[in-house]
Amino acid sequence: MDADYLIKMANQIGAFFHGESAPGQAPADIAGHIERFWDKRMKAAIVAHLAAGGHGLEPAVRGAVEIIARAQTAKAAS
Amino acid sequence: MYAIDHHDLGTPATDGAPVTLDIDGQSVTVPAGTSLMRAAALAGGAIPKLCATDTLKAFGSCRLCLVEIEGRKDFPASCTTPVASGMKVRTQSETLSKLRRGVMELYVSDHPLECATCPAQGHCELESMAEAVGVKASPYGGTGPRHQGQPLDNSNPYFNFNPDLCIVCSRCVRACNEVQGTFALSIDSRGFASKIAASQDELFITSECVSCGACVESCPTAALSEKSLITVGKPTEAVSTTCAYCGVGCSFVAEVKDNAVVRMAPNRDGDANHGHACVKGRFAYGYATHADRITKPMVRANITDPWREVSWDEAIAYAAGEFKRIQAKYGRDSIGGITSSRCTNEETYLVQKLVRAAFGTNNVDTCARVCHSPTGYGLKATIGESAGTQAFTSVMDADVIVVIGANPTDGHPVFASQLKRRLRQGAKLVVIDPRAIDLVRTPHVRAEHHLALKPGTNVAVVNAIAHVVVTEGLAREDYVAERCDTDSYARWKAFVSQPANSPEALEAVTGVPAATVRAAARLYATAKNGAIYYGLGVTEHSQGTTTVMAIANLAMVTGNVGREGVGINPLRGQNNVQGSCDMGSFPHEFPGYRHVSDEATRQLFSSAWGVPLQGEPGLRIPNMFEAALDGSFKGLYVQGEDIAQSDPNTQHVSAALTSLECLVVQDLFLCETAKFAHVFLPGSSFLEKDGTFTNAERRISRVRQAIEPLAGLADWEVTCRLSNALGYPMNYAHPSEIMDEIARLTPTFTGVSYEALDRLGSIQWPCNADAPDGTPTMHIERFVRGVGRFYVTEYVPTDERVNSRFPLILTTGRILSQYNVGAQTRRTDNVAWHSEDRLEIHPDDAEARGINSGDWVGIASRAGDTVLRATVTERVQQGVVYTTFHFPESGANVITTDNSDWATNCPEYKVTAVQVTKVSQPSEWQTRYRQFSKETTRVARETPLSTAG
């Protein structure tokens, strides 16, 4: 799936949680939203984009995708 | 003429203390304030009447309902005389008969007595009252001045006004005033010259009349009469059902003759509409039998092939075969389905069940994605339920009403009539909208404040209002402390209190004077009951969900949730938006808004449906398009939804649909989406099937079959056949069995059944052991989520910015006579009022571009360009242009972008940067569109089906 499309969506989610989340909590909140509302291939694509350098992802969003990537790795291993 | 099965009680009901009196020797007990006429009718009697009807205040003009009261010398009109304790009334006597005959003879002397050929024959009140008082002819002969031979006004496409038949009872005038609230009719002149006049004695079609039909219904003769009573004939059967247009969900009696609808008469017992209707629901049902209806299934291997008519079995087998082939080749998640808010609850439930259980994926979505998905997310997060909090009648207890991003007189006209009634009683109105919608100033209604904000700044305005509430000490701290999460409240309060959120700081952003924001905030916050109503002007933004949350914050901080007269009220666009969402149409939720990742819920459905179910969310509609373009999504089943016209960035959508290997469209017509389809399954209109709709107030109402399905099958039957062909059995004998399954699996629906709906009329969910008759008002003692949750709602400007290349902002909306993509209303005589989409532009912007009303103008955005005709008007503010999207050839969505809401992907229809220029020819897209439409709608019965690619 087109990376620019997903980057924009992810950064928009990040912009909301920038104001809403408690300090330090934004990455987890963003990751939680993506986990609950994005399809598997979309999550896989954004994780792949991160693995390719994650260009364009805002810092908190990058942190969120890292959380998702770790969860996927853990799930694959279990 | 009223519904053929209606019994009129003469005057409206009252709710006073019981009063006992004697009527014709019978003891009668009725509420204080009841008229003698109504009391007699409730006791089983019938006092003759002409000017009285129970939907209108008593008027006392016809003098036919005179009665005798013991101890009084005169003969008072029973319609205007209230009951009194111990009163003794006689409704029949020789003297009364003589008086009534005298009155009736005068009426009859000036009325044609050609009853046998009259369209109202059998239901004409003048005819029946003449018979009741014993008058068969006028003793005055045909001499002297009369009102006969006046010109017929047949300008309205749906009804005639024949002044020769008018008895000047004023029922039409009063209906227009009291019921509809348009004040388009009046009695012109005086005495013998008195006559009914539309606006300034104009034809109905060119007057201010909005064609709601209230006047036609209230007319006791055939002076105002539906043309269908002549063209189709007199109805012989009445079927109670629910309208298929907007989210008000009006109840109607479909009057039928020989499997054809003669009239749609609004149901007096309808809990949503109370006997009122609009031009769409009452009159615009002709699409159901329009020549464009496709009634035979069709298939083709490629969209460049002509369609080939086939049997149901062949079409279903072909679709199932293609879906299986695609899944075998590309994987289980390469296909999906879309449910429709124009279909019933039972049908949407079945489609999502088919996708989850038979396809084995969660790739199901619904058209609510592009309208109210932010409502679902925002209200669930803040107050715990993805639905409005009130019944429509709640507005009659509101003291201050805030309308945000909604245009009720056009989009939800029957609710608007009720809203205007409350405003005429003295409630105050605040309108927050970029345009001067009719409610800002209309007869007997004027908004106290109109916050004409710049499109895209809703969050900033609502935050500014909240800032005033909190910083001026207007917050209901006691309510918040008792009912809300105090930690989130503290964080939110600190946020909105910041100077950056003050009206003054945000004035440059929103364009709304700070003083106006402050005044509106004070008005709402200090009201005894403050109610918020909102529409797509709130949700269809990149911050749609944030605005819904901001609205919920505002309602909670002012204590305006949990009782009559207050609340958060989303005005749903289509009739079953609420229902389609309730039924689990979103890719992340099962019916009842339960997330697919919830193990217990998934086990419940898995056990009931007999198959394993996925715990990961599926694709949303915009995601489906992206996945189609990247090659991972290849097959789609679309029931009753026209994504090619209704979704934004048309060229993007077209490219995605073109890339599908199998698109199955189930619809009434070869709609825009069907032009990209490989299988067409004929749909059935709401008149042709049984089921239920759920309106904006969570009210579940029955849809009942009035005529036979034109294609032989109702939509739910088609879905069952497709599922069976896929190898997943669906065997329901009737939609009631589907509802029974929904009730078994959905905690908020456990008390819902067709038996309960027949018994109660309609039910507002939650309906279960705790609320066996339903729940008109939610969150009364506590919020559904436990405590109300405040969210910090930072204003984030949209990425869609104006610049020198695109200096104007385009926003979109609806008009009264047309509905959504227009598939239904364009195929009715409603085109008499609106036959094309136009671009509204402010006079200053028009002048700068040399544009006059009626000129063709090109509208170009970053997504595309199209051409419309211009209407120069001050209704839009400078810098903003506006259009509707009811006609596909307009290409309104060629211009809109694929920007969307951060939480839900609801498209940002309301903000598109554009340039407007005067042009002389259609856009390139429009030229291509005409050719494409011609090529993709060909039907060739003899063309063999080529092999799928």
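The values are calculated or read from the model by the stated rules, or taken from the named source; none is laboratory data. Just so it is clear, the model here is predicted, and its values are computed rather than measured. Glycine also receives a Cβ, built like all others from the backbone with ideal geometry; neighbour counts cover every protein chain displayed. The protein model used for the area step is the full one, side chains on, heavy atoms only, and it has no ligands, DNA or RNA in it. Shrake-Rupley method; radii C 1.70, N 1.55, O 1.52, S 1.80 Å.
When you look at B:THR348, is it touching a strand residue (DSSP E or B) at 6+ places or on another chain (Cβ under 8 Å) and more than 14 Å from every other protein chain (Cβ to nearest Cβ), yes or no?
yes
For residues that are in a helix (DSSP H, G or I) and among the small types (Gly, Ala, Ser), tally how many sit in the range B:327-358.
Adding up the residues that qualify gives 4.
Could you list all residues from the range B:127-155 that are in contact (Cβ under 8 Å) with a residue 60 or more places away in the chain and either assigned to a loop (DSSP other than H, G, I, E, B) or of a type in the set (Ser, Thr, Tyr) (or both)?
B:ASN154
For the range B:106-126, how many residues are touching a residue at least 60 places away in the same chain (Cβ under 8 Å) and crowded, with 16+ Cβ neighbours inside 10 Å? Before the answer, list the steps.
Within the range B:106-126, the first condition is being touching a residue at least 60 places away in the same chain (Cβ under 8 Å), and the residues that meet it are B:107, B:111, B:118-126.
Still in the running and crowded, with 16+ Cβ neighbours inside 10 Å: B:107, B:111, B:118-120, B:123-126.
The number of residues fulfilling the criteria is 9.
Can you tell me which residue is farthest from the other protein chains (Cβ to nearest Cβ) among those in the range B:791-813 that are at pLDDT 95 or above and assigned to a strand (DSSP E or B)?
In this case the residue turns out to be B:LEU808.
Being under 17 Å from B:GLY537 (Cβ atoms) and more than 14 Å from chain A (Cβ to nearest Cβ) is the requirement here; does B:PRO503 meet it?
No, not satisfied.
Looking at the range B:407-434, I want the residues that are more than 30 Å from B:THR912 (Cα to Cα) and have a partner that is of a type in the set (D, E, K, R) and open to solvent by 10 Å² or more (accessible area, probe 1.4 Å) with Cβ atoms under 6 Å, at least 6 apart or on another chain. Which pairs are those?
From the range B:407-434, the pairs are B:ALA427/B:ASP399; B:LYS428/B:GLU448.
What residue, of B:ALA120, B:ALA116, is modelled with pLDDT under 95, of a type in the set (A, V, I, L, M) and closer than 20 Å to B:HIS6 by Cβ?
B:ALA120
Quick check on A:ILE67: is it touching a residue at least 24 places away in the same chain (Cβ under 8 Å), open to solvent by less than 30 Å² (accessible area, probe 1.4 Å) and either in contact with a Pro (Cβ under 9 Å, 6 or more places away or on another chain) or within 13 Å of chain B (Cβ to nearest Cβ) (or both)? Walk me through it before giving the result.
Working: touching a residue at least 24 places away in the same chain (Cβ under 8 Å): yes; open to solvent by less than 30 Å² (accessible area, probe 1.4 Å): no; either in contact with a Pro (Cβ under 9 Å, 6 or more places away or on another chain) or within 13 Å of chain B (Cβ to nearest Cβ) (or both): yes.
Criteria not met by A:ILE67.
I'm trying to understand the selection: among the residues of the range B:79-105, which are in a loop (DSSP other than H, G, I, E, B) and free of Cβ contacts under 8 Å to residues at least 60 places away in the same chain?
B:THR80, B:THR81, B:SER93
Go through the range B:440-464 and give me each residue that's open to solvent by 10 Å² or more (accessible area, probe 1.4 Å) and assigned to a helix (DSSP H, G or I).
B:VAL440, B:ASN458
Would you tally the residues in the range B:815-830 being in a loop (DSSP other than H, G, I, E, B) and open to solvent by less than 40 Å² (accessible area, probe 1.4 Å)? Even if it seems obvious, please write down each step before you answer.
Going residue by residue through the range B:815-830, those that are in a loop (DSSP other than H, G, I, E, B) are B:815-824, B:828.
Checking which are open to solvent by less than 40 Å² (accessible area, probe 1.4 Å) leaves us with B:816-824, B:828.
Total meeting the criteria: 10.
Considering only residues that are surrounded by 19 or more Cβ atoms within 10 Å (Cβ to Cβ) and more than 7 Å from chain B (Cβ to nearest Cβ), look in the range A:34-49 and name the one that is farthest from B:LEU619 (Cα to Cα).
The selected residue is A:HIS49.
Filter the range B:167-189 down to residues that are among the charged types (D, E, K, R) and farther than 27 Å from B:VAL440 by Cα and give me whichever is most open to solvent (accessible area, probe 1.4 Å).
Among those that are among the charged types (D, E, K, R) and farther than 27 Å from B:VAL440 by Cα, it is B:ASP188.
State yes or no: is B:LYS324 part of a helix (DSSP H, G or I), in contact (Cβ under 8 Å) with a residue 12 or more places away in the chain, assigned by TED's automatic domain parsing to the domain that holds B:TYR728 and buried (at least 24 other Cβ atoms within 10 Å of the Cβ)?
no
Quick check on my filter: what residues within the range B:377-407 are open to solvent by 10 Å² or more (accessible area, probe 1.4 Å) and within 14 Å of chain A (Cβ to nearest Cβ)?
B:TYR377, B:LYS380, B:ALA381
Which residue, of B:GLY712, B:GLY761, B:GLY774, is in contact with a Phe, Trp or Tyr (Cβ under 8 Å, 6 or more places away or on another chain) and surrounded by fewer than 17 Cβ atoms within 10 Å (Cβ to Cβ)? Don't jump to the end; show me each part of the working.
Details: B:GLY761 fails: in contact with a Phe, Trp or Tyr (Cβ under 8 Å, 6 or more places away or on another chain); B:GLY774 fails: surrounded by fewer than 17 Cβ atoms within 10 Å (Cβ to Cβ).
Among B:GLY712, B:GLY761, B:GLY774, only B:GLY712 is in contact with a Phe, Trp or Tyr (Cβ under 8 Å, 6 or more places away or on another chain) and surrounded by fewer than 17 Cβ atoms within 10 Å (Cβ to Cβ).
Considering each residue of the range B:531-567, count those that are over 17 Å from B:ASP433 (Cα atoms) and under 20 Å from the mean Cα position of the chain (by Cα), and give that number.
Residues meeting the conditions: 1.
Residues to consider are A:ILE30, A:ILE67, A:ILE46, A:ILE34; find the one that is closer than 23 Å to B:GLY631 by Cβ and out of contact with any Leu (no Cβ under 8 Å at 6 or more places or on another chain).
Residue meeting the stated conditions: A:ILE34.
Just the residues that are away from chain A (no Cβ under 13 Å) and either of a type in the set (Ser, Thr, Tyr) or closer than 20 Å to B:GLN578 by Cα (or both), please, taken from the range B:357-370.
The answer is B:THR366, B:CYS367, B:ALA368, B:VAL370.
Across the range B:540-566, which residue is surrounded by the most Cβ atoms within 10 Å (Cβ to Cβ) among those that are more than 14 Å from chain A (Cβ to nearest Cβ) and farther than 21 Å from B:ALA520 by Cβ?
In this case the residue turns out to be B:GLU540.
Conditions tested, residue by residue: (1) over 20 Å from B:SER580 (Cβ atoms); (2) over 27 Å from the mean Cα position of the chain (by Cα); (3) not basic (Lys, Arg).
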| position | (1), (2), (3) |
| --- | --- |
| B:TRP716 | no, no, yes |
| B:TYR732 | no, yes, yes |
| B:GLY751 | yes, no, yes |
| B:LEU760 | yes, no, yes |
| B:PRO772 | yes, no, yes |
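Residues that are out of contact with any helix residue (DSSP H, G or I) (no Cβ under 8 Å at 6 or more places or on another chain) and in contact (Cβ under 8 Å) with a residue 40 or more places away in the chain: find the strands (runs of 3 or more DSSP E) completely inside the range B:831-928 holding 2 or more of those.
Details: elements: B:838-841, B:856-861, B:865-872, B:880-884, B:912-918.
Per the criteria, B:838-841, B:856-861, B:880-884, B:912-918.
Tally up the residues in the range A:1-17 that are part of a helix (DSSP H, G or I) and at the interface with chain B (Cβ under 7 Å from one of its Cβ atoms), please.
Looking only at that region, the number is 5.
How many residues does the range B:465-496 contain that are in a loop (DSSP other than H, G, I, E, B) and of a type in the set (Lys, Arg)?
1
Exactly one condition in (1) more than 30 Å from B:GLY813 (Cβ to Cβ); (2) touching a strand residue (DSSP E or B) at 6+ places or on another chain (Cβ under 6 Å); (3) crowded, with 24+ Cβ neighbours inside 10 Å is false for B:PHE605; which is it?
(3)
Tell me, yes or no, whether the range A:51-58 has at least one residue that is crowded, with 20+ Cβ neighbours inside 10 Å and either assigned to a helix (DSSP H, G or I) or within 10 Å of chain B (Cβ to nearest Cβ) (or both).
Scanning the range A:51-58, I find no residue that is crowded, with 20+ Cβ neighbours inside 10 Å and either assigned to a helix (DSSP H, G or I) or within 10 Å of chain B (Cβ to nearest Cβ) (or both), so the answer is no.
Considering only helices (runs of 4 or more DSSP H) fully contained in the range B:578-676, which possess at least 3 residues that are within 14 Å of chain A (Cβ to nearest Cβ)?
Counting at least 3 such residues, we get B:621-630, B:650-658.
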